[in-house]
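So the structure is just underneath, and the comments pick up after that.
Derivation of every value follows stated rules applied to the coordinates shown; laboratory data play no part. From a predicted model like this one, the values you see are computed outputs, not experimental measurements. When we count neighbours, we look across all protein chains shown, and the Cβ atoms used for this are built from the backbone with ideal geometry, even at glycine.
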Amino acid sequence: QMSQDLLYLHTEKTSITSPARGMRILLDGVLSDGPEDPEDWPYKTVLDAIQDGWRVIKFPELALMADEGRTYGVGCEFILEKLR
């Protein structure tokens, strides 16, 4: 049976090479914010995750970023998946 892991990466900008500012990961059904120290995160950028076999399934919502009168947390959110 195939299972799906998910990786949420919040980045400074919409580029896949932009530094990650936050992460959340679902591996084997266990949800985690990853290591406390960002230096210990498994991926520093979305590109790092792609190179490790993760696939982007959701890019940042650019329409949400167009409204300068609102703030949206830590930045741009990418959602990636890995099927096993």
Sort 29-39, 49-59 by the packing proxy (mean of other Cβ within 10 Å over each peptide's residues), most packed first. 49-59, 29-39
Can you pull the one-decimal nm distance between simple spin-label points at Arg24 and Ile57, each 7 Å off the Cα toward Cβ? 1.5
Which of the aspartates and glutamates could a cross-linker bridge to Lys82, judged by Cα under 14 Å and excluding same-chain residues fewer than eight apart? Asp5, Asp28, Asp48, Asp52
Taking every other residue with Cβ under 15 Å from the Cβ of Lys44 and scoring Lys and Arg +1, Asp and Glu -1, one gets -4
If I take R0 = 25 Å and measure r between the Cβ atoms of Asp33 and Met2 in this structure, what FRET efficiency does the formula 1/(1 + (r/R0)^6) give, to the nearest 0.05? 0.50
